[in-house]
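Bear in mind these aren't lab numbers, they're just calculated from the coordinates by the rules spelled out. What you see is a predicted model; the values in this text were computed from it and never measured. All Cβ positions, even for glycine, are placed from backbone atoms using ideal geometry, and neighbour counts span all protein chains on display.
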Amino acid sequence: MNNGSEILDTFGGQSSDSKFDPKLESRQLWGNIFAGFCIFATLLGLVVLVVLIFNVVKDGSSRLNWDLFKLYPSRRPLESGYKAAILGSISMVAYVLLLVVPIGVSSAIYLEEYAKKNWFTELIELNIYNLAGIPSIIYGLLGLGLFVRGIYSGRAVLVTGILTITLLILPPVIVISREAIRAVPQSIRQASYGVGATKWQTIRHHVLPSALPGILTAVIISTSRGIGETAPIIVLGAGTVLFDPKASPINFGALSSGKIGDVFTDTLWSNDNFFSVLPSQIYDWVGDPKPEFQVLASAGIVVLLVLVLGMNLIAIFLRSRAK
């Protein structure tokens, strides 16, 4: 087939017997080697993860029962559980969501729909992206200096923990929410404007409903990160072995009886209020030399893993439903 070679030569191409032909097999070989290396690295990571999870489940299996969720922490390991840590985590997440959702979503809407494109907004966007990648320990030190030693002068540990975790997960919520809003087709906005809708009506009735799965994904994934963060909580001193049920930051009795006004008790602002969350309670028991506390720590790790993985699966499900 000389016609093909002549056509390739005419348009500056290379024929099948060109000088690049001997390197084709070499390039394919290196491509296969790279693909094999990627598969090996993936399998190696999965094997290590499975081994670690298996060891944790095996070590904590003897305490994976309902007593783990019904008992409060104690100096006696056989009478200890994670009820305080679970209630503390739920309380913190509830307060954090009350701050993160309105602030994060509103910021994303403003930056994507209202803000003018100039150097100032670009500077804000750049800093938000940078804040999303800062290690959590930095936020812990920031909370320690700004909230604990500054605003609250060493008091109200729960409030400082809530504010610090809010700062930690707010940048990812803004970034991912902006991406979800940006993914809404412009044709939807133009069609809404075409029938006389205002900008806010377009955002409220068309843009936000279309971007809602992505926004929920942002909130859930960021919250799951906040639940599993240990460094900021430990830096703030938010951890205790003994727990007083009467000092709970949320009055669950008032919540069950319908007395909404008494749900958020004044212990939230108490000077001597202690609270515990799952990561800090696990960290405390991991450092205890007693083998029984090591078993408790392993059981707590399993609970935390299930909680975080469950929240991420919910986020994946919401994103798949949106496609």
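Out of the trypsin sites (Lys or Arg not before Pro) in segment 78-129, which ones are loop residues according to DSSP with at most 15 other C-beta atoms within 10 Å?
LYS116, LYS117
How large is the dipole of segment 17-60 about the Cα centre if only Lys and Arg carry +1 and Asp and Glu carry -1, each at its Cβ, rounded to the nearest 20 debye?
Charge dipole of segment 17-60: 80 debye, to the nearest 20.
Length gain on complete extension for the stretch VAL57 to ARG321, per 0.36 nm per residue less the alpha carbon to alpha carbon distance?
Full extension from VAL57 to ARG321 adds 91.9 nm.
Bin width 5 Å, origin at 0, all Cα-Cα pairs of segment 17-60: what percent of pairs per bin?
5, 20, 12, 13, 10, 9, 9, 6, 6, 4, 3, 2, 1, 0
Given a Förster distance of 51 angstrom, what is the FRET efficiency for TRP119 paired with PHE69, based on the Cβ-Cβ distance and rounded to 0.05?
So the FRET efficiency works out to roughly 0.45.
Taking the Cβ of each residue in TRP285, TRP119 as the centre, tally the other Cβ atoms inside 10 Å and list the residues starting with the fewest.
TRP119, TRP285
What's the extension gain from ALA183 to LEU305 if we count 0.36 nm per residue and subtract their Cα-Cα distance?
40.8 nm
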